[in-house]
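Here's the structure, in structure tokens; my notes come after.
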There are 2 protein chains.
Amino acid sequence: MAQRDGSTGSHRAAPEHTHPDDVPVQTALAALADPVRLTLVRELARSAEWSRSCGSFDVPVGKAALSHHFAALRDAGLVEQRDEGPKRVNRLRKDEFEGRFPGLLDLVLRAD
Amino acid sequence: MAQRDGSTGSHRAAPEHTHPDDVPVQTALAALADPVRLTLVRELARSAEWSRSCGSFDVPVGKAALSHHFAALRDAGLVEQRDEGPKRVNRLRKDEFEGRFPGLLDLVLRAD
């Protein structure tokens, strides 16, 4: 479940999450079949949980597109987000996703 | 490699194939992240090699779209095709694809 902390001072709606157990395989594959989202997932895998804000990734897309990509990752059960003051921080749902789709994350995290 | 049999009487160009070893993970994921192609792959997995012609699948798309879907499957190293007289027949490249992307095919062949 998403953490919903109304006291952060952010006026954005808290992000909605889908648990990997509720994700169809097609949704998971589509989420990972995109170069920007692959970069986000790979960088998150190399980072400590909750250490990366959405703005901290070096991807060649604007703010609206980036927001769309993070929504796709949440909908695929790949990323959990929470707001910390003005920042939205992220973690990769490595264990839950692995439980639902064994081996898939390892495949995309391997060097290509 | 594709079998290229010029004596079949078909005037179509022989299909071009990509070996799974030459397929980027993103291409493989994109090929599988489509409901029509998932159906084709799942039905091929249940059928004997070379037993299914392109026209034998129950998918809700026209001929041109179907041809496009099979091209995407060839480009992803998932399907090998050859022409037998007027028919183009198919086999799933199960072992080669498994060697390149261990576990991925099993994930999409599992009931969802």
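The values are calculated or read from the model by the stated rules, or taken from the named source; none is laboratory data. All of these numbers come straight from a predicted model, not from anything done at the bench. All Cβ positions, glycine included, derive from the backbone under ideal geometry; neighbour counts span all protein chains shown. Note: accessible area is taken over every heavy atom of the protein model, side chains too, but ligands, DNA and RNA are not part of it. Shrake-Rupley method; radii C 1.70, N 1.55, O 1.52, S 1.80 Å.
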Can you work out which of the residues in the stretch B:98-112 that are of a type in the set (D, E, K, R) and within 10 Å of chain A (Cβ to nearest Cβ) is nearest to residue A:25 (Cα to Cα)? B:112
Go through the residues of the stretch A:12-20 one by one and say whether even a single one is under 13 Å from the mean Cα position of the chain (by Cα), open to solvent by 50 Å² or more (accessible area, probe 1.4 Å) and closer than 28 Å to residue B:35 by Cβ. yes
Out of (1) hydrophobic (A, V, I, L, M, F, W, C); (2) open to solvent by 20 Å² or more (accessible area, probe 1.4 Å); (3) away from chain A (no Cβ under 14 Å), the odd one out for residue B:44 is which? (2)
Residue identified as over 13 Å from the mean Cα position of the chain (by Cα) and open to solvent by 40 Å² or more (accessible area, probe 1.4 Å) among A:39, A:27: A:27
If you go through the stretch A:59-112, how many residues are at positive phi and in contact with a Lys or Arg (Cβ under 8 Å, 6 or more places away or on another chain)? 1
Any residue at all in the stretch B:77-92 that is within 14 Å of another protein chain (Cβ to nearest Cβ) and within 14 Å of the chain's Cα centre (by Cα)? yes
Picking from A:61, A:79, which residue would you name as being of a type in the set (A, V, I, L, M) and under 27 Å from residue B:109 (Cα atoms)? A:79
Among the helices (runs of 4 or more DSSP H) contained in the stretch A:4-112, which hold 3 or more residues that are touching a strand residue (DSSP E or B) at 6+ places or on another chain (Cβ under 6 Å)? none
